[in-house]
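Read the structure below first, then the notes.
Bear in mind these aren't lab numbers, they're just calculated from the coordinates by the rules spelled out. Being a predicted model, the structure only gives us computed values, none of them experimental. When we count neighbours, we look across all protein chains shown, and the Cβ atoms used for this are built from the backbone with ideal geometry, even at glycine.
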Amino acid sequence: MKKKRILVVSLTFLLCIIVGLWHIYKPLPNGISAQGEVHSISGDDITFLSDITYLDKDGQRVSEQEIFPEVFAMIDEAQEYILIDMFLFNDMLGTATESYKGLSGELTQKLLAKKQSSPDISITFITDPINTVYGGDTSQHINAMQQAGINVIITDVKKLRDSNPVYSAPWRIFGQWWGNSSSGGWLPHVMDARRGKLTLRTYLRLFNFKANHRKIMIADYQRGQKSGIATLVTSANPHDGSSAHSNVALRIDSALWSDVLRSEQAVADFSDATIPNPPIQLSNQNTKVKQQVEGDIATVRLLTEGKIKNALVRQINASKAGDQIDMMMFYLSDRDIVKAIKDAGDRGVKIRMILDPNKDAFGREKNGVPNRQIAHEIISNGGDVSVRWCNTHGEQCHAKMTLFTSGEAATIIMGSANLTRRNIGDYNLETNVIVKSSRQTRAIKDANELFTSHWENRNQRQYTLDYQAYSDESISKMILYKFMEATGLSSF
């Protein structure tokens, strides 16, 4: 009997290893980890948007927001086609008791009103199963949209690779077959202390730590003499608990939408769903730059998943002495990105980094991992590298933006992706865009102005704090960060 038990345990362990390795390295679904074509467009067709939260001269927290007002305006303007893919889309607040805005409800009502006023309009809404807590809770917003005839797609994240194989391998073998239910739970609600109980099966799904983390929108528009299909790529979620976060976005009024649509059709395909194509008359508009348009010419390119990392590493490695890199980032932990930054600092590249201190999470306090450990490692390496911390008070510095300047040339890479193994290692679904243009292009100037105002705390506003405010030289936390990054046993 003892030998049989040993044999069973050994075979189970071997099976877990095989399943774990397969789901780390298995082929990605078609169309995932893609980069689009390089499109040349007018710099005037690119708009930089931001949500900022800061302390004013009287110490009061103030939020100024542009991103979801633009989303709502795009919905209002659309006549024939809307496609949205958003990660967090719910009113859950963690342990917090109130939110700055009810963004999820506002977005739901906007889409319902549009569908009611224009019954023939095509609206598709793609989101992550976290919004039903993996089937352990219900979403009134999703239910309302489905009942109104909106095409709602819940991403089948099981088709993605496993970033947490130590857990996911046995879950795939033994746990996934149990399904889930939104009734009969007995465990506390992990995403909102005000709501009912969750099942054990919900927690078992949650610990896979995988997501469709994208945040994009495309919609037809007509503004004055301009018409076509616009794309919005952002770091912001329509999530009540995130409504005071600092975020960034780019609206691009031509070309890019076709690549975004292909990348979203890939998600629909592996989720056993469909996305209608835009009407042909829309598809033929504004697909090429009009050479007679005055102003700067920019190039734009869509990046998803691992292609985001490739582009960032190439851009950092191409920087030389006298160039400048400005980064505003919620999570920074990927080892290849960290190495590239340290090497650039050694070459004489001027690097300024504004990082979230990783202390606030929907009413809960975090321990500063991984950003404080990364900041210490990079600062200790030397070079012309400086770090400041967002001065958060419950909200998060949730932007994901890197701005490169070299002489009069500028490049910006931004979107949904944190710079972590999970986000840019072909595990999560992510969407970023890379824009190359003159540093005098309006969107580039606006992005630079946002970064510099935060760096310098302009206009008697306190956006950021000195590095020493959250510096952390703890060896144990550094070991913890490296273990979590390498194994995937983390939420970042």
Mean ellipticity per residue at 222 nm, deg cm²/dmol - from DSSP H runs of n ≥ 4 across the chain, formula -39500 (n - 2.57): -9500 deg cm²/dmol
Which value in Å does the Kirkwood hydrodynamic radius of the stretch 38-92 take, with 1/r averaged over all unlike C-alpha pairs and then inverted? 14.7 Å
At a 4.7 angstrom Cβ threshold, list every cysteine in the chain that has nobody to pair with, or say none. Cys16
Divide the volume of the convex hull of the Cα atoms of the chain by its number of residues and quote the answer in cubic angstrom per residue. 157 Å³
Phi-based couplings in Hz for the stretch 480-492 (Karplus 6.51, -1.76, 1.60; Gly and Pro marked x): 4, 4, 5, 5, 5, 5, 6, 8, x, 7, 7, 9, 9
What is the Cα radius of gyration of the stretch 50-136 over 2.2 N^0.38 Å, N being its residue count? 1.31
Tally the DSSP beta bridges in the chain and give the antiparallel ones as a percent, rounded to 5. 70 percent
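What list do you get for Glu80, Glu66, Glu98 if you sort them by fewest beta carbons within 10 Å? Before the final figure, lay out each step's value.
Values: Glu80 15, Glu66 18, Glu98 8.
Ranked by crowding around the Cβ, least crowded first: Glu98, Glu80, Glu66.
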Give me His393, His239, His376 sorted ascending by neighbouring Cβ count inside 10 Å, so fewest comes first. His393, His376, His239
In sequence order, calculated HN-Hα J values of the stretch 248-260 (Karplus, 6.51, -1.76, 1.60; Hz; x Gly/Pro): 9, 7, 10, 9, 10, 8, 7, 6, 4, 4, 5, 6, 4
The stretch 313-408 - share of DSSP beta bridges that are antiparallel (%, nearest 5): 40 percent
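Fewest to most neighbouring Cβ within 10 Å: what's the order for Leu332, Leu261, Leu55? Can you show the working numbers first?
Numbers: Leu332 24, Leu261 21, Leu55 16.
Arranged by neighbour count, lowest to highest, Leu332, Leu261, Leu55 become Leu55, Leu261, Leu332.
Of the beta bridges DSSP finds with both residues in the stretch 31-270, what % are antiparallel, to the nearest 5? Walk me through the numbers on the way to the answer.
Details: 29 of 40 bridges.
Bridges in the stretch 31-270 that DSSP calls antiparallel: roughly 70 percent.
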Karplus ³J(HN,Hα) for the stretch 76-93 (6.51 cos²θ - 1.76 cosθ + 1.60, θ = phi - 60°; Hz, whole; x = Gly/Pro) runs 4, 6, 4, 10, 10, 8, 9, 10, 10, 10, 9, 6, 8, 9, 6, 9, 7, 10
Alpha-carbon radius of gyration plus Dmax, which is the widest Cα pair, for the stretch 1-152 in Å: 23.2, 75
